[in-house]
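Undergrad: Take this structure, written in structure tokens, and hold onto it; I'll ask about it next.
The values are calculated or read from the model by the stated rules, or taken from the named source; none is laboratory data. The model shown is predicted, which means the values in this text are computed figures rather than measured ones. Neighbour counts are summed over all protein chains in view; Cβ atoms, including those assigned to glycine, are modelled from backbone coordinates with ideal geometry. Quick note on the areas: whole protein, heavy atoms, side chains included, nothing else; ligands and nucleic acids left out. Shrake-Rupley method; radii C 1.70, N 1.55, O 1.52, S 1.80 Å.
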Amino acid sequence: QVRLVESGGGLVQAGDSLRLSCADSGGTFSNYVMSWFRQAPGKERESVATINWNGISTSYADAVKGRFTIFRDNARNTVYLRMNSLKPEDTAVYYCAAALSTRAMVAGVVDYWGQGTQVTVSS
């Protein structure tokens with residue numbers, strides 16, 4: 001069973017960078033498509049970035065293209081989100097998610113969620 005734990009969030013200034021990590025202690029990590037979502041106060045949860053099982057295929061929300069990079073290390077059962085040029089509007093709780101296919105992830109059929117990590121970007 002997948003158990004996802006995020007880390008790496010914090011308080012930064014606009015223009016700074018952060019790297020979020022999401023580690024799976026369950027051991028079947030490489031079977032899953034992984035995504036990062038975020039939810040800002042008063043807003044719906046939105047998909048930020050998705051990566052397929054072997055890391056070859058990635059996709060991003062328009063708001064983060066060119067600034068965020070998703071990558072994974074299946075040997076370490078970990079997916080990462082590198083966030084550069086952070087903006088105040090990136091402030092949110094960031095969640096990682098696992099699904100058995102990209103189609104399922106896009107449809108919101110997520111098998112596992114992490115507990116979330118707060119990212120706050122000050123202006």
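Undergrad: Among the residues of segment 65-89, write down those that are out of contact with any helix residue (DSSP H, G or I) (no Cβ under 6 Å at 6 or more places or on another chain), in contact (Cβ under 8 Å) with a residue 24 or more places away in the chain and either farther than 22 Å from Ala23 by Cα or open to solvent by 40 Å² or more (accessible area, probe 1.4 Å) (or both).
TA: Listed by number, the residues that qualify are Arg76, Arg82, Asn84, Ser85, Leu86, Lys87, Pro88, Glu89.
Undergrad: Looking at segment 1-32, which of the residues that are at pLDDT 95 or above and over 15 Å from the mean Cα position of the chain (by Cα) is surrounded by the most Cβ atoms within 10 Å (Cβ to Cβ)?
TA: Only one residue tops the list, namely Val12.
Undergrad: Look at Thr102 and say whether it is over 14 Å from Arg19 (Cα atoms), at pLDDT below 95, among the β-branched types (Val, Ile, Thr) and open to solvent by 50 Å² or more (accessible area, probe 1.4 Å).
TA: yes
Undergrad: Of the residues Lys87, Lys65, only one is of a type in the set (Lys, Arg) and within 22 Å of Gly42 (Cα to Cα); which?
TA: Residue meeting the stated conditions: Lys87.
Undergrad: Still on this structure, I have one more. All but one of (1) assigned to a loop (DSSP other than H, G, I, E, B); (2) in contact with an Asp or Glu (Cβ under 9 Å, 6 or more places away or on another chain); (3) among the small types (Gly, Ala, Ser) hold for Ala23; state the number of the condition that does not hold.
TA: With (1) assigned to a loop (DSSP other than H, G, I, E, B); (2) in contact with an Asp or Glu (Cβ under 9 Å, 6 or more places away or on another chain); (3) among the small types (Gly, Ala, Ser) applied to Ala23, the lone miss is (1).
Undergrad: Let me ask something else about it. Six or more apart or on different chains, Cβ atoms under 9 Å: show the pairs whose first residue is in segment 102-119 and among the β-branched types (Val, Ile, Thr) and whose second is part of a helix (DSSP H, G or I) and open to solvent by less than 70 Å² (accessible area, probe 1.4 Å).
TA: Taking only residues 6 or more apart or on different chains, the pairs are Val110/Ala104; Val119/Asp90.
Undergrad: Next question. Any residue that is more than 19 Å from Gln118 (Cα to Cα), out of contact with any Asp or Glu (no Cβ under 9 Å at 6 or more places or on another chain) and of a type outside the set (Gly, Ala, Ser) - is there at least one of those in segment 61-69?
TA: Yes, because at least one residue in segment 61-69 is more than 19 Å from Gln118 (Cα to Cα), out of contact with any Asp or Glu (no Cβ under 9 Å at 6 or more places or on another chain) and of a type outside the set (Gly, Ala, Ser).
Undergrad: Still on this structure, I have one more. Considering Ser35, Ser47, which residue is modelled with pLDDT of 95 or more, part of a strand (DSSP E or B) and open to solvent by 30 Å² or more (accessible area, probe 1.4 Å)?
TA: The unique qualifying residue is Ser47.
Undergrad: Separate question: Gln115 is checked against (1) loosely packed, with under 15 Cβ neighbours inside 10 Å; (2) over 13 Å from the mean Cα position of the chain (by Cα) and fails just one. What number does that condition carry?
TA: Answer for Gln115: the failing condition is (2).
Undergrad: Return only the number of the condition from (1) exposed (fewer than 12 other Cβ atoms within 10 Å of the Cβ); (2) part of a strand (DSSP E or B); (3) of a type outside the set (Lys, Arg) that Tyr94 does not satisfy.
TA: Condition not satisfied by Tyr94: (1).
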